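Here's the structure, in structure tokens; my notes come after.
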Amino acid sequence: RVVEADPFKAIVLPVSGNSVGIELRKQDVSWKEFLSIANQRPRSNHYSPVYRPIDSTINILFSSGTTGEPKAIPWTQLSPIRCSADGWAHNDIRAGDVYCWPTNLGWVMGPVVLFTCFLNGATLALYHGSPLGRGFGKFIQDAGVTVLGTVPSLVKTWKSSNCLEGLDWTKIKCFATTGEASNVDDDLWLSSKSYYKPVLECCGGTELSSAYIQGSLLQPQAFGTFSTAAMTAGFVILDEHGHPYPDDKACVGEVGLLPLYLGATNRLLNADHEKVYFEGMPMHNGMRLRRHGDVLKRTVGGYLIVQGRADDTMNLGGIKTSSVEIERVCDGADESILETAAISVAPLGGGPEQLIMFVVLKKEYSHQPEKLKILFSRAIQSNLNPLFKVSFVKIVPEFPRTASNKLLRRVLRDQVKQELSPRSRI
């Protein structure tokens with residue numbers, strides 16, 4: 001892919017050992033050759049920084065592509081300032097802290113955790129390997145981690161496998177979580193591992209350099225919810241006509257971000273920035289709102305809950321609801337269930353959307369889809385709406401996910417449409 005995409009020089013690293021094992025193009029160099037070139041050149045002990053404008057590009061990241069094609073997003077010199085400031089203000093990350101977040105540099109949290117540590121003077125804890133097992137848990141204990149970042153599906157796996165039993169995580173002063181909607185019971189279990197320290201939610205995007213809503217150590221927190229807008233961020237919740245609800249009103253709707261936002265992008269490399277984020281959005285106080293795509297719920301007490309993506313909102317019998325809301329109910333329908341994914345599709349001949357549930361079972365359990373269909377329907381009708389019913393249940397070994405562990409409902413939706421298409425039946 002590098003050869004096809006880029007005619008410029010590439011430095012090629014071997015999978016193991018010193019040999020790359022392939023014939024390189026004439027302009028390319030191996031990692032070993034690259035190091036030898038550097039060693040042959042005299043170097044000064046003094047480094048002079050290169051001064052660049054604040055909007056000069058320092059990195060290119062790709063959005064996860066949970067609801068559409070991934071977008072190439074340039075980060076500028078302002079991006080590190082934004083994400084490290086959020087870590088300082090909301091998670092109280094400072095010198096003396098040990099910060100760990102299982103991630104990679106292809107996901108926004110990779111650069112975020114690097115910049116947050118280096119600009120706030122904290123220690124970065126790096127673990128090589130999968131974070132799913134006891135080895136990672138012991139690393140957190142032995143490294144003395146004080147701030148641990150997670151994603152909800154990771155916590156669910158720890159809880160299900162009981163792999164953290166007997167480990168001492170009491171040095172942790174707070175947890176952070178992002179990537180998916182949190183499960184309240186799982187958050188409570190995680191918090192208990194460190195004398196019930198807070199689990200701070202954060203939700204944002206690669207194109208924002210950080211989060212637009214957060215939890216905060218300066219406010220009372222409730223599991224699975226956000227308590228405030230992030231620093232410099234502002235937003236409104238829109239009704240179905242695109243009008244903002246009052247800021248003190250309990251409501252559910254798509255979020256609209258105020259466009260004056262420190263660290264947000266103003267261009268994309270592979271898409272029209274204006275079209276993606278602003279076209280079709282309503283005006284508010286003389287400014288056109290910025291699109292983000294999340295559906296937010298504001299509770300009576302003023303807390304905020306992400307109800308999933310606007311793309312994942314479904315219309316069941318004329319009533320709009322979110323995949324996340326249905327999944328929260330179905331996850332607790334039976335002890336055999338590890339996690340669920342809810343999607344809706346329209347029948348081939350037209351008509352109301354049908355609710356389809358995908359489910360991953362815990363290892364020691366087995367079930368018939370028809371039994372789960374009854375369990376899910378009862379749970380949904382009791383806890384959400386008596387008119388909703390599950391049309392189909394499919395048991396799968398695992399869900400398709402992005403590199404950042406976000407659930408790809410659009411892939412599940414495409415699979416169902418393919419199975420229901422007339423051609424697939426021939």
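The values are calculated or read from the model by the stated rules, or taken from the named source; none is laboratory data. What you see is a predicted model; the values in this text were computed from it and never measured. Virtual Cβ from ideal backbone geometry, glycine too; neighbours counted across all protein chains shown. The area values use the complete protein model at the heavy-atom level, side chains included, leaving out ligands, DNA and RNA. Shrake-Rupley method; radii C 1.70, N 1.55, O 1.52, S 1.80 Å.
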remark   = Treating every alpha carbon of region 57-308 as one equal point scatterer without solvent, the Debye formula yields log10 I(q)/I(0) values at q = 0.08, 0.09, 0.10, 0.15 Å⁻¹ of -0.31, -0.39, -0.48, -1.09
message = Antiparallel versus total DSSP beta bridges in the chain: what percent is that, nearest 5?
response = 70 percent
inquiry  = How large is the convex hull of the C-alpha atoms of region 317-420 per residue, in Å³?
reply    = 104 Å³
query = Which of 84, 44, 19 moves most in a GNM of the chain, Cα contacts under 10 Å?
reply = 19
message = Could you order the peptides 118-129, 32-43 from most to least packed, using the average number of other C-beta atoms within 10 Å per residue?
response = 118-129, 32-43
message = Can you order the peptides 411-420, 194-203 by their average number of other Cβ atoms within 10 Å per residue, highest first?
response = 194-203, 411-420
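Count the DSSP beta bridges whose two residues both fall in region 317-420, then state the antiparallel fraction as a percent rounded to the nearest 5. Could the numbers behind the result be given before it?
Values: 9 of 14 bridges.
If we restrict to bridges inside region 317-420, about 65 percent are antiparallel.
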Solvent-accessible surface (1.4 angstrom probe) belonging to residue 83, in square angstrom, nearest 10 = 0 Å²
inquiry  = For Rg and Dmax of the Cα atoms in Å, pick the label among [x] 23.5, 76; [y] 39.8, 137; [z] 26.8, 87 that corresponds to the value derived from the coordinates.
reply    = [x]
key: Long-range amide H partners of residue 145 with built H, under 5 Å   = none
request  = Leaving ligands, DNA and RNA out of it, rank 331, 187 by accessible area with a 1.4 Å probe, largest first.
outcome  = 331, 187
key: Violating pairs (Cα-Cα greater than 18 angstrom) within the set 197/249; 173/193; 363/406   = 197/249; 363/406
task = Find which of 219, 132, 357 sits farthest along the positive direction of the dipole of the chain, computed with +1 on the beta-carbon of Lys and Arg, -1 on that of Asp and Glu, about the Cα centre.
result = 132
key: Whichever aspartates and glutamates have a C-alpha closer than 13 Å to that of residue 297, once near sequence neighbours (fewer than 8 apart) are set aside   = 239, 247, 248, 254, 325
remark   = Sorted by chain and number, the residues with a modelled amide H under 5 Å from that of residue 210, at a separation of 5 or more or across chains, are 205
key: Exposure of residue 254 as accessible area (Å², to 10), given a probe of 1.4 Å and all protein chains   = 60 Å²
message = Once each part is reduced to its C-alpha centroid, what is the distance from region 1-38 to region 195-264 in angstrom?
response = 44 Å
